[in-house]
Amino acid sequence: MASLLPVKTPITIRLCGPRGFCAGVDRAIQIVVLALKEFGAPVYVRHEIVHNRFVVEGLEAKGAIFVEELDEIPPEHRKQPVVFSAHGVPKSVPADAQSRNLFYLDATCPLVSKVHKQAMRHQKLDRHVVLIGHAGHPEVIGTMGQLPDGAVSLIETIEDADVYMPPDPDNLGFVTQTTLSVDDTAGVIKRLHERFPNLTAPAADSICYATTNRQEAVKQAAPGCDLFLIVGAPNSSNSKRLVEVALRAGAKKSVLVQRASEIDWENVGDLSIVGLSAGASAPEVIVDEIIEAFRERYDARVELADTVEETENFLVNRELRHVPLTAADMAFVNGE
């Protein structure tokens, strides 16, 4: 008599949309892929092009070399391109590249570049710039590096806003890091406005559409979830914010994972509904990997939890627009 297979526990996976790669990340990866096709290997990349080891390792396999600083590029390779990451860089970095006669391609997300311009506009109008963001994040370093030393004050929390003493309380303008929690940032801005009524907002919201959309999708999907998984890297600001949003919105537990192998299956507990989303630098192939891992262990049914459809598309650098992408290239760029 044939042995009976164990019955798998039925669960529902609420798969958030939008999730994963945003237009800025997509553009940055395209730039590296196109540079490799146009100029050949190696193509150097200063810092991680985006915060995801899977993406970085995939580009390394194609011939990209990641460096922390430009002085790591050997003299014999100085004719090869160097790409600046999607997070943006201080003005000192392209100046350094020019002094070394390096050919560089700037992959800064256009929405980060918009924040740079907003900060510079505040300064041009004689306002001291308040930057709401996380100390040490590459985007914050890049934004602060657009202006002279002392022209920008960094505020991370409401507590920081409570004790902040500006050089001139009546001439302040703020900008924010693009990947912050929408709700947390609103609280900081509210407190700053209470203390400094003449605080001037940027011409447009600094938090990017992708951050807002992913947080809203998680917020709507989280109630009733026994576990909410966010695919993303530990150094990815927007991914970590999604974990926080899921918990605040009602998920019993929320965890950041880079791969399915990081899921602590022994301690997930009793599951009925699992939420699943991915930060803006996490490829879809890992989302698929995690769904498959659940299907191996549970009778898993996927329920789409879509909010809005994203249609944004950012053009790559002019030097690369003539280079064709194959279907395989596009699959890689799209994280498939």
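The values are calculated or read from the model by the stated rules, or taken from the named source; none is laboratory data. Keep in mind that what you see is a predicted model, and the values were worked out from it rather than measured. When we count neighbours, we look across all protein chains shown, and the Cβ atoms used for this are built from the backbone with ideal geometry, even at glycine.
For the reader, a short list of remarks on this structure follows.
- Residue that is in contact (Cβ under 8 Å) with a residue 12 or more places away in the chain and within 21 Å of Gly279 (Cβ to Cβ), where the choices are Leu199, Leu172, Leu192, Leu180: Leu180
- Checking the stretch 226-234 against the condition returns a match, with at least one residue being surrounded by fewer than 24 Cβ atoms within 10 Å (Cβ to Cβ) and in contact with a His (Cβ under 9 Å, 6 or more places away or on another chain).
- Residue list for the stretch 163-179, restricted to those being outside any loop (DSSP other than H, G, I, E, B) and surrounded by 13 or more Cβ atoms within 10 Å (Cβ to Cβ): Leu172, Gly173, Phe174, Val175, Thr176
- Among the residues making up the stretch 82-136, those that are of a type in the set (D, E, K, R) and either touching a Pro at 6+ places or on another chain (Cβ under 9 Å) or outside any loop (DSSP other than H, G, I, E, B) (or both) are Asp96, Asp106, Lys114, Lys117, Arg121, Lys124.
- Condition check for Ile291: modelled with pLDDT of 95 or more, surrounded by 15 or more Cβ atoms within 10 Å (Cβ to Cβ) and touching a Lys or Arg at 6+ places or on another chain (Cβ under 9 Å): no
- Odd one out for Cys208 among (1) touching a Ser or Thr at 6+ places or on another chain (Cβ under 9 Å); (2) free of Cβ contacts under 8 Å to residues at least 40 places away in the same chain: (2)
- Criterion applied to Ala23, Ala35, Ala41 was being crowded, with 21+ Cβ neighbours inside 10 Å and not β-branched (Val, Ile, Thr), and the one residue passing it is Ala35.
- Set side by side, the residues Gln220, Gln215 differ, and just one is touching a strand residue (DSSP E or B) at 6+ places or on another chain (Cβ under 9 Å), in a helix (DSSP H, G or I) and closer than 29 Å to Asn52 by Cβ, which is Gln220.
- Qualifying position, being touching a Pro at 6+ places or on another chain (Cβ under 8 Å) and either without any contact (Cβ under 8 Å) to a residue 24 or more places away in the chain or of a type in the set (A, V, I, L, M, F, W, C) (or both), among Ile31, Ile73, Ile65: Ile65
- Every residue from the stretch 42-62 that is touching a residue at least 24 places away in the same chain (Cβ under 8 Å) and among the small types (Gly, Ala, Ser): Gly58
- Given (1) outside the structural domain of Asp168 (by TED's automatic domain parsing); (2) of a type in the set (S, T, N, Q); (3) surrounded by fewer than 21 Cβ atoms within 10 Å (Cβ to Cβ), index of the condition Gln30 fails: (3)
- Residue list for the stretch 148-166, restricted to those being hydrophobic (A, V, I, L, M, F, W, C) and either closer than 27 Å to Arg241 by Cβ or in contact (Cβ under 8 Å) with a residue 24 or more places away in the chain (or both): Ala151, Val152, Leu154, Ile155, Ile158, Ala161, Val163
- Selected residue (only one of Arg46, Arg53 is touching a strand residue (DSSP E or B) at 6+ places or on another chain (Cβ under 9 Å) and outside the structural domain of Ala280 (by TED's automatic domain parsing)): Arg46
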